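Structure record follows, encoded as structure tokens.
What follows is calculated from the coordinates using simple rules that are stated; it is not laboratory data. These figures come from a predicted structure and were not determined experimentally. No Cβ is skipped: glycine too gets one built from the backbone with ideal geometry, and neighbour counts run over all protein chains shown.
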């Protein structure tokens, strides 16, 4: 009986060992499979797919491409650390947040080729003053889209939105910083103010705008504007570009008195396992011909000066998407205001949304 008992225990032990080996081999295989690929975590439809194919062909580096739909979801995934991403593309304020929380790798600029292709006006922003952690990918503005068949005179300034002729004709992008920024910009205040006097004045100014607001919406604004459901929309230049491509009666203008200047930059997260390959991808995207191809495909403004020269004249000379210097110098990047002030902006914005009802 003891022999039988020992045999059974031995059989169980062997089975457990074999099972453990099997699990280990599966994990190793899975890890090995992922280790052969550069893992890029980007916004949806935010790179020309042909460029990924070209990158692999030129370098032999395979790419695993995954997408996110907001800075916050991307940030949460990287902070949790469960998945190893080698490249991601956060926006300005999120770069600052991730940098301060030690979620990004400091760049070794000796390994970056082509950084001098980036225009000086797109470097040294407040969220990464020395570009120690990020490389500009795309940039743009917040502005006004209008339908020339539905307005008698094109709006050129934020203050124009308050005209009585636009009653129930305006759609606003659903964002606290953006909407509060309209009020602040109209009054000549900084989009990053921490003055309650200025914020309350902007809030009161926005309350007077409510008769003209048709809706506060998100991505669906594109469809509404393309279909002529509203005369005017306040949105980002990238979204506006898509609208203009689908409706020849739509136009985009950046108020010369100032607006938001946004950036999406390439960074290497702390989760990265393929540092060498990540630098290879950054260098690939810095090549003028690749950056130009990407800009033409996506429709957003490129910070790569040499790439811009390769774009068709109707794109690079479009002052709506590449504003003149006089307008550009009045643009502001959103600062990372911190939890307290961001909460104040959000509270005032929510009050505005409730007031208009």
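Numbers below:
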read-out	value
Of all residues making up segment 290-305, the number that are in a helix (DSSP H, G or I) and farther than 21 Å from residue 267 by Cα	2
Hits in segment 87-105 - residues which are over 24 Å from residue 337 (Cβ atoms) and surrounded by fewer than 19 Cβ atoms within 10 Å (Cβ to Cβ)	105
Whichever residue in segment 322-349 is free of Cβ contacts under 8 Å to residues at least 24 places away in the same chain, assigned to a helix (DSSP H, G or I) and more than 22 Å from the chain's Cα centre (by Cα) and, among such residues, is farthest from residue 217 (Cα to Cα)	325
Residue in segment 74-86 that is within 30 Å of residue 305 (Cβ to Cβ), touching a residue at least 12 places away in the same chain (Cβ under 8 Å) and surrounded by fewer than 17 Cβ atoms within 10 Å (Cβ to Cβ) present	no
The lone exception for residue 98 - which of (1) part of a helix (DSSP H, G or I); (2) under 18 Å from the mean Cα position of the chain (by Cα); (3) free of Cβ contacts under 8 Å to residues at least 40 places away in the same chain it fails	(3)
Failed condition for residue 276, given (1) outside any loop (DSSP other than H, G, I, E, B); (2) farther than 30 Å from residue 76 by Cα	(2)
Residue satisfying all of: in segment 310-321; touching a helix residue (DSSP H, G or I) at 6+ places or on another chain (Cβ under 7 Å) and not in a helix (DSSP H, G or I); nearest to residue 117 (Cα to Cα) among these	310
Matching residues in segment 107-143 - criterion: being crowded, with 17+ Cβ neighbours inside 10 Å and over 19 Å from the mean Cα position of the chain (by Cα)	107, 114, 117
Failed item, numbered, when residue 65 is tested on (1) under 21 Å from residue 278 (Cα atoms); (2) touching a strand residue (DSSP E or B) at 6+ places or on another chain (Cβ under 8 Å); (3) outside any helix (DSSP H, G or I); (4) touching a residue at least 40 places away in the same chain (Cβ under 8 Å)	(4)
Filtered residues of segment 124-150 (kept if in a loop (DSSP other than H, G, I, E, B), in contact with a strand residue (DSSP E or B) (Cβ under 7 Å, 6 or more places away or on another chain) and farther than 16 Å from residue 93 by Cβ)	148
